[in-house]
Amino acid sequence: MTDIEAYLGEVHRRLGGMDPKVQRDILRELRSHLGDSVAANGGNEGAAIAGLGDPVAVARRYRELYGYGVSYRAVFSFIAGVLGFFTVPVLFAGNEGIFPYFFSAVFLSIEFLFLIWVSVSAGNRAGLGTGVVGLSGRFAGFGVALGLNAGSSLVTWDGLALFLVVSGLIVLVGWVPGRAKQAWQRPGMEL
């Protein structure tokens, strides 16, 4: 295996989760660039690779440019929707007192941490989409809770207002961290 193939293999491993067609295009572009650089450097593969930089940094920059593939974003959204469903405490209400609220707070915390991770790792657009699906899951959970507790005075105005505020925060938490990362990020190398 040549140094170029080893370099491209390392970049390819770091592009996991991206759309396979985009991965192929990136590797084709890098292979072409490296070929041109080797020719310009009199056949010196090491100089060509050094000119491109660390394969981990190159792959990270491409991931920032192109993001995760559709299948990964769909999985992120599914997870956020399921977590959002279980953030509604009345799904578990009974004579347990504080338990349903604690249980939903755990799921809400997990939801927020997951959304922050998605937004930072996959970008603010993926985080926003995932947050919207999390919000949908939360509304679905609320609908199920209302259906299961029909006839009882389950919802108060204060509780509904708090529910809506927290629901809005789910979308906001999905969008803001990725946007902040973009704004605060140092300018990187241009590919």
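The values are calculated or read from the model by the stated rules, or taken from the named source; none is laboratory data. Everything numeric in this text was worked out from a predicted model, so none of it was measured. Note that we place each Cβ from the backbone using ideal geometry, even for glycine, and neighbour counts take in every protein chain shown. Just the protein is used for accessible areas: all its heavy atoms, side chains included, with ligands, DNA and RNA removed. Shrake-Rupley method; radii C 1.70, N 1.55, O 1.52, S 1.80 Å.
Of the solvent-accessible surface of segment 5-158, computed with a 1.4 Å probe and all protein chains present, 63% belongs to carbon and sulfur. Per-residue extension of 0.36 nm, minus the Cα-Cα distance of GLU5 and LEU148, leaves a gain of 45.5 nm for this segment. Phi-derived couplings, Karplus 6.51 cos²θ - 1.76 cosθ + 1.60 at θ = phi - 60°, listed residue by residue for segment 129-134: x, 5, x, 5, 5, x Hz, with x used for Gly and Pro. For ILE116, the accessible surface of its heavy atoms amounts to roughly 70 Å² (probe 1.4 Å, protein chains only, rounded to the nearest 10). From the square roots a ≥ b ≥ c of the eigenvalues of the alpha-carbon gyration tensor of segment 130-173, which class results: rounded (a/c under 1.5), prolate (a/b over b/c), or oblate? The shape class here is oblate. Any idea what angle helix 157-184 forms with the longest principal axis of the chain, computed on alpha-carbon atoms, 0 to 90 degrees, nearest 10? The answer is roughly 10 degrees.
With respect to the chain, whose longest principal axis is taken over its alpha-carbon atoms, helix 3-14 is tilted by about 10°.
Rounded to the nearest 20, the size of the Cβ-charge dipole of segment 1-78 about its Cα centre is 380 debye, with Lys and Arg at +1 and Asp and Glu at -1.
Spin-label model, VAL70 to VAL56: label points 7 Å out along the Cα-to-beta-carbon direction sit 3.3 nm apart.
Counting only alpha carbon atoms, the long axis of helix 70-85 and the longest principal axis of the chain meet at about 20°. Scaled to the globular estimate 2.2 N^0.38 Å, the Cα spread of segment 112-151, given as radius of gyration, is 1.51. With the helix formula -39500 (n - 2.57) applied to DSSP H stretches of n ≥ 4, the chain reaches a computed 222 nm mean residue ellipticity of -26000 deg cm²/dmol.
Residue-wise HN-Hα couplings along segment 47-54, as the Karplus relation 6.51 cos²θ - 1.76 cosθ + 1.60 with θ = phi - 60° gives them from phi, are 5, 5, 5, 4, x, 7, x, 4 Hz; Gly and Pro carry x.
Taking one quarter of the surface of the C-alpha convex hull of segment 32-88 gives a mean projected area of 5.4 nm².
For segment 11-145, compute Rh as the Kirkwood radius over C-alpha pairs and then the Stokes-Einstein diffusion coefficient at 20 °C and 1.002 mPa s; write the answer in µm²/s, rounded to an integer. Rounded to a whole number, D works out at 123 µm²/s.
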